[in-house]
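Here's the structure we're looking at; comments come further down.
The values are calculated or read from the model by the stated rules, or taken from the named source; none is laboratory data. Here the structure is a predicted model, which means the values were calculated and not measured. Here Cβ is always computed from backbone atoms with ideal geometry, including for glycine, and neighbour counts include all displayed protein chains.
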Amino acid sequence: MADTTPTATQSEPDESTEITQPQSRRRGIVVVVVAVLLVVAAGLWWRSTFVEDTDDAQINGHLIQISPRIAGQVTKVFVDENQMVKAGDEIAELDPRDFQVAVENAQAALASAEANAAAVQVNVPLTTVNTGANLHSATADVTGAQAAISQAEQQMDAARARVAQAQANDTKAQSDLARYKPLVEKDVISKQQFDAAVAAADAARAALADAKASQQAAADGVRVALEREKQSQAQLKYAQTGPQQVAAQSARARQAMAQVQQAKAQLDQAKLNLSYTKIVAPTDGIITRKSVEIRQNVSVGQNLLTLVSLEGLWVTANFKETQLRHMAAGQPVSIYVDATGKDYKGTVTQIGGATGSMLSLFPPENATGNYVKVVQRVPVRIDFADLKDEDSRHLLRPGLSVEPKVRVK
């Protein structure tokens, strides 16, 4: 028969140990949970107090409409859709032949204007010298004419005196002849004496005629001298306009120089128009919305394509009006970009002047009496700190969604 009495080595289980272990495990879990909750609460408090963020934000950039500055026909196109270009890269070329002809015409016009200006410039000193000489000569002519007038008047006086003398002689001779005539008839005097009286009377009359002719000649000399003096005075007055003539010639010289400058400006404009036949990229970017083709006739300002600039990008974040209380320009920003999965540094630059709803095409009208207050959003501009290093591969694009976090305290 088997012995069922328990031996001394068998012992009963320790129930106190089994109860203590589950209590300590639960206490540890509670502590961990409480710690996690405290960390989460601290994070939420930190975020609500020191950081403002939003997911209503996107990258903005410059969309440059490329258009020609002159009209012409497209002869070459160097880019394709979505091609990346550098600043100065040629995009398209217009037919340059018409503009090359315009440059040649402008060069010829400039050469003609320069030759004319050179000739006019030479005339300025010549005019100065000639007018001075003419003034001196005219002054001398006036002096000579006045002296000739004085001489002619003296000769006129002398001729008048001779006429008076000849008149007296003629009167005496005629009187003598009249007395001698009855005497010769009565033979009181000889025939020889009467013939001498007749000859003397004829000579006196001839002398009188000669004196009168001399007087007329002297009068004509006075008239000629006066006419010469008038002519000399006119020449003197013209010569006295020498400074005005020099000024007029100088004005023509300045006009010629102005025409040279005008011709140079026209040449510069022609060269500028010729340079416009090559359409180049104004900055680094990506070609989009390309509509230009070879042999297409384009006009001034016609949109050929859009260049999306990859430089000078910024973020437009629409924050709630309740988030702007402590926000100001210059605050640091951490920008998370969904497309790259990276954080970028930035700075608040500007806070919009109006809410997005006020800037919309149809602003809301709240005069119906059924007003419901809605939290408005205000656009805030955020500039990237240094894209040359952080985005050297140009992965950022306008329109990408971002999540900015602004450190407000």
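Residues in the stretch 210-237 that are surrounded by fewer than 18 Cβ atoms within 10 Å (Cβ to Cβ) and among the β-branched types (Val, Ile, Thr): 224 only. Here residue 229 meets each of (1) of a type in the set (Asp, Glu); (2) in the same structural domain as residue 380 (by TED's automatic domain parsing); (3) at pLDDT below 85 with one exception, condition (2). Screening 116, 169 for residues that are under 20 Å from residue 216 (Cα atoms) and touching a residue at least 12 places away in the same chain (Cβ under 8 Å) leaves exactly one candidate, 169. Put simply, of 126, 183, 177 the only residue that is in contact (Cβ under 8 Å) with a residue 24 or more places away in the chain and either among the hydrophobic types (A, V, I, L, M, F, W, C) or out of contact with any strand residue (DSSP E or B) (no Cβ under 6 Å at 6 or more places or on another chain) (or both) is 177.
Residue by residue, here is whether (1) exposed (fewer than 14 other Cβ atoms within 10 Å of the Cβ); (2) in contact with a Phe, Trp or Tyr (Cβ under 8 Å, 6 or more places away or on another chain); (3) free of Cβ contacts under 8 Å to residues at least 60 places away in the same chain holds:
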site: 87; (1), (2), (3): yes, no, no
site: 101; (1), (2), (3): yes, no, yes
site: 120; (1), (2), (3): no, no, no
site: 139; (1), (2), (3): no, no, no
site: 161; (1), (2), (3): yes, no, yes
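Here the condition is being at pLDDT 90 or above and assigned by TED's automatic domain parsing to the domain that holds residue 60; of 361, 400, it holds for 400 alone. Kindly indicate whether any position in the stretch 343-350 is basic (Lys, Arg) and surrounded by 17 or more Cβ atoms within 10 Å (Cβ to Cβ). No - not one qualifying residue is present in the stretch 343-350. Condition first: part of a loop (DSSP other than H, G, I, E, B) and either more than 26 Å from residue 405 (Cα to Cα) or in contact with a Cys (Cβ under 6 Å, 6 or more places away or on another chain) (or both). Now tell me which residues in the stretch 303-321 satisfy that. Scanning the stretch 303-321 gives 303, 304.
A single entry from 292, 260 fulfils the requirement of being in contact (Cβ under 8 Å) with a residue 60 or more places away in the chain, assigned by TED's automatic domain parsing to the domain that holds residue 132 and outside any strand (DSSP E or B): 260. If you go through the stretch 182-196 one residue at a time, do you hit one that is part of a helix (DSSP H, G or I) and hydroxyl-bearing (Ser, Thr, Tyr)? Scanning the stretch 182-196 turns up no residue that is part of a helix (DSSP H, G or I) and hydroxyl-bearing (Ser, Thr, Tyr).
Out of all the residues in the stretch 285-294, is one or more under 25 Å from the mean Cα position of the chain (by Cα) and of a type outside the set (Phe, Trp, Tyr)? Checking the stretch 285-294: not a single residue is under 25 Å from the mean Cα position of the chain (by Cα) and of a type outside the set (Phe, Trp, Tyr). Only one of the listed residues (113, 152) is surrounded by 15 or more Cβ atoms within 10 Å (Cβ to Cβ), aliphatic (A, V, I, L, M) and either at pLDDT below 80 or more than 60 Å from the chain's Cα centre (by Cα) (or both). That residue is 152.
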